[in-house]
Amino acid sequence: YYSILNVSNVRPLHFSAWLCSKILNDPENADTEKLVCGLLSELYGEDADKISPLLWGYYSAIADRGKDEIRYMCEKNEFDYNDLGELPFPERPITDGVLRYAIGKSLHKKDLDYTESTEKFGKTLEENLPKWEALLKRAEETELREENRLYFEQFLKFEIFYMAQMTKAAVACRRFMDAEDEQGLDRAFDEACAAFDAIIEKRRILELGEWENWHRGDKKIDVARWRAEIEKIYPKRKLEIK
């Protein structure tokens, strides 16, 4: 049997790539929890016990879109949802990719797919945000040995911070496009811009030393573009409201 693990940007994904390779090498005997704990011990030594709950907390904080999207795709493609039987993947995670997609679709008022167009999705984001904020607070209060701090800041704390800010931005962009008065418009605009600016400022920690300008020319996360887009739309939305 062959398995191909596709990792195009290995730097931020080295932990996941390592774990997937371990599982794929021996899937029948792979114990994810033991593997993760073992790697954390290698990386953090005595601090591993402090990192472990934050790492598992990160995965637990990712919101769930549920089965709605799968049901929608079945209906769209004239496939009977009930024919699927018991699904092996009943949950659909709201990853940073989903958040970026939702932000773009919200700002351009394009036809969103089923999940992003429902009030349920917006409510899910709003309910999910406190989880990220609480986890970020725990990460900020975690004290580590000097030799472990930079790695932790770059490869876990920043990721928690990023998800919190992207969720804030997605919520704010929806409010921005739905605002019916100038006060609500201004508040949502400020919240979205603050979230985008915070990411751009904080991610400098990923560009130290040989990684200088790591995000230059970025077209995937592209937070700066969303920041510019909402500024372009702002005067048009003000006119609409007036």
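Numerical summary
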{"read-out": "Reachable aspartates and glutamates, given that their alpha-carbon falls under 13 Å from the alpha-carbon of Lys22 and they are not under 8 places away in the same chain", "value": "Asp31, Glu33"}
{"read-out": "Correct option for log10 I(q)/I(0) by the Debye sum over Cα atoms at q = 0.08, 0.10 Å⁻¹ [calculated from the coordinates] among [x] -0.42, -0.63; [y] -0.34, -0.50; [z] -0.38, -0.59", "value": "[z]"}
{"read-out": "Above-threshold pairs, the threshold being 29 Å between Cα atoms, out of Lys168/Lys238; Lys109/Lys168; Lys137/Lys220; Lys34/Lys219; Lys120/Lys238", "value": "Lys34/Lys219"}
{"read-out": "Local net charge near Ser3, Cβ-Cβ under 14 Å (Lys/Arg +1, Asp/Glu -1)", "value": "-1"}
{"read-out": "Residues of the chain: accessible area per residue with a 1.4 Å probe, Å²", "value": "62"}
{"read-out": "Distance from the range 13-61 to the range 151-187 (C-alpha centre basis), Å", "value": "28"}
{"read-out": "Expected 222 nm ellipticity per residue - DSSP helices of 4 or more, -39500 (n - 2.57), all of the chain, to 500", "value": "-21500 deg cm²/dmol"}
{"read-out": "If the convex hull is drawn through the Cα atoms of the range 100-211, its volume per residue in Å³", "value": "116"}
{"read-out": "Contact order normalised by residue count of the chain, Cα under 8 Å, 6+ apart, percent", "value": "16"}
{"read-out": "Cα-projected label distance for Ala228 with Phe15, points at 7 Å along beta-carbon direction, nm", "value": "3.2"}
{"read-out": "Accessible area of the chain belonging to carbon and sulfur atoms, whole % at 1.4 Å probe", "value": "49"}
{"read-out": "If the convex hull is drawn through the Cα atoms of the range 1-55, its volume per residue in Å³", "value": "78"}
{"read-out": "Added length on full extension, which subtracts the Cα-Cα distance from 0.36 nm per residue, Glu46 to Lys120", "value": "22.4 nm"}
{"read-out": "Positive minus negative residues near Arg138 (Lys, Arg vs Asp, Glu; Cβ under 15 Å)", "value": "-4"}
{"read-out": "Within straight-line cross-link reach of Lys242, aspartates and glutamates at Cα separation under 18 Å, skipping those fewer than 8 residues along the same chain", "value": "Asp178, Glu180, Asp181, Glu182, Asp186, Glu231"}
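The values are calculated or read from the model by the stated rules, or taken from the named source; none is laboratory data. Being a predicted model, the structure only gives us computed values, none of them experimental. Every residue, glycine among them, receives a Cβ derived from its backbone with ideal geometry; neighbour counts consider all protein chains shown. In case anyone asks, the SASA skips ligands and DNA or RNA and just uses the protein heavy atoms, side chains included. Shrake-Rupley method; radii C 1.70, N 1.55, O 1.52, S 1.80 Å.
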